[in-house]
Amino acid sequence: MPALAMNETLAVTRLGQRGDGVAETADGPVFVPFALPGESVRVVRDGDRGQLVEILAPAASRIAAICPLFTRCGGCVAQHMDAALYAGWKRGQVETALSRAGLATELAPLLDAHGEGRRRVTFHARRGEDGQMRVGFMAARSHDLVEVEQCPVLAPGLVRAPAVAQHLANRLRGSAKPLDIQVTTSQAGLDVDIRGHGPAGGALRRALTEAAERLDLARLALHGEIIVERRAPFHLMGAASVVPPPGGFLQATVAGEEALSALVLAALPKARRVADLFAGCGTFTLRLAQRMQVAAFESDKAAVQGLLRAAHRAQGLKPVTAEARDLFRRPLLEHEFAGLDAVVLDPPRAGAEAQIRRLAAAKVQRVVYVSCDPASFARDAGLLVAGGYRLERVTPVDQFRYSAHVELVGVFVRGGRAG
């Protein structure tokens, strides 16, 4: 590793996957956070990392950040990029992953799905040496806490979230462990789930119940256990009204959920019977069921129960079944896909390699794969293509604005025929 060098001048030529500017040197690439292609920068360099000291020649693509905490808070990495550079960088992540896997397909432009902003946020809370609770986000590549009073990427329904998190942290100041306070905006108000504290005794439960009343929370849970539910924190999914379990998976933005769902539905114009794998609480299932019969599979039993309750209450849906099943340990086998026109799946970041291997050997005509990680998608897509599918098209979707994350919807057709 090269020795530490002070005030080294570098020329940035491209953006890395995390949004860092990349400068090519004799020692290999050096990654400089918050630097842009075309810029000459002065850095403090340590190996392949460079800490930005000064921008000697700013790029035309550099714009002013919308948040005063940008570069300190670890949540955003791209507020300094103009729209063209930003969209090209995010779409390029998908393009690179497909290219590395040897996959050629139609790649659509990046679809903006930020909408009103993110509907869920997690605050970290720690007790300081003075005994006071500090609440905020983690700093970039650090365990330091950045206190936050407001966040411009959050939906309007979360404007109170920092104050709510601080109030709850104060009630829990006896905790010696760091806390995670997740706040979600729902149709009925704020839904809060606290992690890290441990079980609550009677006195604490009463204190948290009083706090929920004072803060007008819809629901307050501790480690997924509901302390008090004053109003059911429901979300609209197509014709259904869903109450997810505390901390249960939701798409990051309402606009993102709608955009992903629209892409999934558009890819299944003729399907009558489908399976929805990694279905969560019904993001796609309940919309698909307005047009077709759906068999949903999800490992989270509470999410499955919420999905089924929503399906039973909704009017005009086609038949919906749902099973709690760990598709990593017990993927659907080839014969279980018999009679299906299509499969929809939305796995976690690691992808679904075990399930994809079974699906690749099945005879389902069409597969719609929703992914939050281009690399794991490309790996799984390669398995499907090797099994006789054609990757028809991929659409990148951006609902984590200013972050390095990008999602996508890939459409596969067996043998290249329409389904």
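The values are calculated or read from the model by the stated rules, or taken from the named source; none is laboratory data. As the structure is a prediction and not an experimental result, all values here were calculated from the model. So basically every Cβ, Gly included, is an ideal-geometry build from the backbone, and we count neighbours across all protein chains shown. Only protein heavy atoms, including side chains, enter the accessible area calculation; ligands, DNA and RNA are left aside. Shrake-Rupley method; radii C 1.70, N 1.55, O 1.52, S 1.80 Å.
Here are some residues: Arg126, Arg173. Which one is over 24 Å from Asp20 (Cβ atoms) and in a strand (DSSP E or B)?
On the way: Arg173 fails: in a strand (DSSP E or B).
Going through Arg126, Arg173 in turn, the sole match is Arg126.
Which of (1) within 29 Å of Tyr402 (Cβ to Cβ); (2) out of contact with any Phe, Trp or Tyr (no Cβ under 9 Å at 6 or more places or on another chain); (3) open to solvent by 50 Å² or more (accessible area, probe 1.4 Å); (4) in contact (Cβ under 8 Å) with a residue 24 or more places away in the chain does His143 not meet, given it meets every other one? Result: His143 passes all but (4). Quick check: anything in the stretch 392-404 crowded, with 21+ Cβ neighbours inside 10 Å, within 19 Å of the chain's Cα centre (by Cα) and of a type in the set (Phe, Trp, Tyr)? Checked the stretch 392-404: at least one residue is crowded, with 21+ Cβ neighbours inside 10 Å, within 19 Å of the chain's Cα centre (by Cα) and of a type in the set (Phe, Trp, Tyr). Being open to solvent by 20 Å² or more (accessible area, probe 1.4 Å), in contact (Cβ under 8 Å) with a residue 12 or more places away in the chain and within 28 Å of the chain's Cα centre (by Cα) is the filter here, so list the residues in the stretch 200-229 that pass it. Matches in the stretch 200-229: Leu215, Asp216, His223, Gly224, Glu225, Ile226, Ile227, Val228.
Inspect the stretch 329-338 for any residue being touching a strand residue (DSSP E or B) at 6+ places or on another chain (Cβ under 9 Å), assigned to a helix (DSSP H, G or I) and closer than 17 Å to Met292 by Cα and give the result as yes or no. Yes, the stretch 329-338 contains a residue that is touching a strand residue (DSSP E or B) at 6+ places or on another chain (Cβ under 9 Å), assigned to a helix (DSSP H, G or I) and closer than 17 Å to Met292 by Cα. Given the structure, is Lys363 open to solvent by 50 Å² or more (accessible area, probe 1.4 Å), modelled with pLDDT of 95 or more and not hydrophobic (A, V, I, L, M, F, W, C)? Here the answer is no, as Lys363 does not meet what is asked. When Asp341, Asp276, Asp346, Asp300 are checked against the criterion of being of a type in the set (D, E, K, R), open to solvent by less than 10 Å² (accessible area, probe 1.4 Å) and either under 24 Å from Arg390 (Cβ atoms) or within 18 Å of the chain's Cα centre (by Cα) (or both), Asp276 stands alone in meeting it. Summed over the stretch 96-111, residues that are surrounded by fewer than 15 Cβ atoms within 10 Å (Cβ to Cβ) and either under 16 Å from Val406 (Cα atoms) or out of contact with any helix residue (DSSP H, G or I) (no Cβ under 9 Å at 6 or more places or on another chain) (or both) total 3. Which one is nearest to Leu236 (Cα to Cα), of the residues in the stretch 183-199 that are open to solvent by 40 Å² or more (accessible area, probe 1.4 Å) and not in a strand (DSSP E or B)? Step by step, filter the stretch 183-199, then rank; the result is Gln187. Among the residues of the stretch 50-75, those identified as hydrophobic (A, V, I, L, M, F, W, C) and within 17 Å of Phe31 (Cβ to Cβ) are Leu52, Val53, Ile55, Ala59. Every condition in (1) at pLDDT 95 or above; (2) at positive phi is met by Met237 except one, and the failing one is (2).
Condition test on Ala295, is it modelled with pLDDT of 95 or more, open to solvent by 10 Å² or more (accessible area, probe 1.4 Å) and part of a helix (DSSP H, G or I)? No: the conditions fail for Ala295. Note on the stretch 241-271: residues that are open to solvent by 10 Å² or more (accessible area, probe 1.4 Å), assigned to a loop (DSSP other than H, G, I, E, B) and within 24 Å of Arg401 (Cβ to Cβ) amount to 4. Under the condition of being part of a strand (DSSP E or B) and among the polar types (S, T, N, Q), which residue from the stretch 38-84 is farthest from the chain's Cα centre (by Cα)? If we take residues in the stretch 38-84 being part of a strand (DSSP E or B) and among the polar types (S, T, N, Q), then Ser40 is farthest from the chain's Cα centre (by Cα). Inspect all residues belonging to the stretch 175-183 and state whether any of them is closer than 27 Å to Ala155 by Cα and among the polar types (S, T, N, Q). Looking for residues that are closer than 27 Å to Ala155 by Cα and among the polar types (S, T, N, Q), one finds at least one in the stretch 175-183, hence yes.
Only a single criterion out of (1) touching a residue at least 60 places away in the same chain (Cβ under 8 Å); (2) of a type outside the set (Asp, Glu); (3) touching a strand residue (DSSP E or B) at 6+ places or on another chain (Cβ under 7 Å); (4) under 18 Å from Ala97 (Cα atoms) is not satisfied by Pro347, namely (3).
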